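Asks: Structure below; questions to follow.
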Amino acid sequence: MKQFAKKVKVDGYTFDSAKEAQFYQQFIKPSGYKYEVHPSYTLTDSFLLGGYRQRKTTYAPDFVVFDEGEIKHVYDVKTSLSSEAITSGAKVRFKWFQLKYRIPVEIVVPRAHDFKMVLYGFTTPHMLDGHAHHDKHGNIKYAKNGNIVYDYYEAYKSIDYDIRDIVGW
């Protein structure tokens, strides 16, 4: 989280955390795709309200990856998938960005050899089927109330996947 993390400099970029720098070095830089680090996107322009100018609202994802000029991925790196790491304000910005730019924000948590990825707002039953938690024998795990236990994230070893396949468009 920005508030508590120590900034890290790599390749002339200043990252908000070591996790963000790790994600850059491990997955973004070697991917072969064009990318931007911390680009700023306008969510609302400035406007007047009651004689007072309201500032524009922007969102700066950690990474935006392009493929043939089109946005392929929009990444926001977090330290975990908990509510402490992903605030309600961040979730609102993600949805606002998705509404305006028509591509989901992928929240990622880097690990040693891969990364967890989750999409907020995409929790339809058919999407959850692939996220059922399995025990070591491959059986689906159930909670005490009888509901299936879900992991809610995918794990990837590279950024060479199409987000459109995941969300079904």
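Asks: For the range 98-111, enumerate the residues that are within 22 Å of D16 (Cα to Cα) and either open to solvent by less than 10 Å² (accessible area, probe 1.4 Å) or among the β-branched types (V, I, T) (or both).
Replies: Of all residues in the range 98-111, those within 22 Å of D16 (Cα to Cα) come to 104-111.
Passing the criteria: P104, V105, E106, I107, V108, V109, P110.
Asks: While we're here: Kindly indicate the residue of the range 149-169 that is at pLDDT 75 or above and among the acidic types (D, E) and also most open to solvent (accessible area, probe 1.4 Å) among those meeting that condition.
Replies: Filtering the range 149-169 for residues that are at pLDDT 75 or above and among the acidic types (D, E), the one most open to solvent (accessible area, probe 1.4 Å) comes out as D165.
Asks: Okay, moving on. Under 9 Å between Cβ atoms, which residue pairs at least 6 apart in sequence (or on different chains) link something in the range 77-95 that is over 14 Å from V109 (Cβ atoms) with a partner that is part of a loop (DSSP other than H, G, I, E, B) and open to solvent by 40 Å² or more (accessible area, probe 1.4 Å)?
Replies: T87/M1; K91/Y120; K91/G121; F94/Y120; F94/G121; K95/Y120; K95/G121
Rundown of residues vs (1) modelled with pLDDT under 95; (2) surrounded by 14 or more Cβ atoms within 10 Å (Cβ to Cβ); (3) closer than 17 Å to D160 by Cβ, yes/no style:
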residue	(1), (2), (3)
D62	no, yes, no
F66	no, no, yes
G69	yes, no, no
V74	no, yes, yes
K78	yes, yes, no
S83	yes, no, no
S88	yes, no, no
V92	yes, no, no
W96	yes, yes, no
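Asks: Pull up the range 117-148, narrow it to residues that are at negative phi and open to solvent by less than 50 Å² (accessible area, probe 1.4 Å), then point me to the one that is modelled with the highest pLDDT.
Replies: Of all residues in the range 117-148, those at negative phi come to 117-120, 122-137, 139-145, 147-148.
Checking the rest, the ones that are also open to solvent by less than 50 Å² (accessible area, probe 1.4 Å) come to 117-119, 127-128, 131-132, 143.
Working: M117: 89, V118: 84, L119: 84, M127: 51, L128: 52, H131: 58, A132: 66, A143: 78.
Going through the qualifying residues, I end up with M117.
Asks: If I ask for residues that are part of a loop (DSSP other than H, G, I, E, B), of a type outside the set (A, V, I, L, M, F, W, C) and free of Cβ contacts under 8 Å to residues at least 40 places away in the same chain, which ones from the range 1-49 would you list? Working first, answer last.
Replies: From the range 1-49, those part of a loop (DSSP other than H, G, I, E, B) are 1-7, 11-12, 16-17, 32-33, 38-40, 45-46; that's our starting set.
Restricting the remaining residues to those that are of a type outside the set (A, V, I, L, M, F, W, C) gives 2-3, 6-7, 11-12, 16-17, 32-33, 38-40, 45-46.
The answer is K2, Q3, K6, K7, D11, G12, G32, H38, P39, S40, D45, S46.
Asks: Hey, any hits in the range 12-22 for a residue that's under 15 Å from the mean Cα position of the chain (by Cα) and open to solvent by 60 Å² or more (accessible area, probe 1.4 Å)?
Replies: yes
Asks: Out of V109, V65, I need the residue that is under 11 Å from the mean Cα position of the chain (by Cα) and not acidic (D, E). Which one?
Replies: Criteria check complete, one pass: V109.
Asks: Moving to a separate point now. Condition (residue is surrounded by 13 or more Cβ atoms within 10 Å (Cβ to Cβ), of a type in the set (G, A, S), in contact with a Phe, Trp or Tyr (Cβ under 9 Å, 6 or more places away or on another chain) and more than 14 Å from F115 (Cα to Cα)) applied to the range 35-55: is it met by at least one residue?
Replies: no
The values are calculated or read from the model by the stated rules, or taken from the named source; none is laboratory data. Just so it is clear, the model here is predicted, and its values are computed rather than measured. Note that each Cβ is placed from the backbone with ideal geometry, even for glycine, and that neighbours are counted across all protein chains shown. Just so you know, the surface numbers come from the protein's heavy atoms only, side chains and all, with ligands and any DNA or RNA stripped out. Shrake-Rupley method; radii C 1.70, N 1.55, O 1.52, S 1.80 Å.
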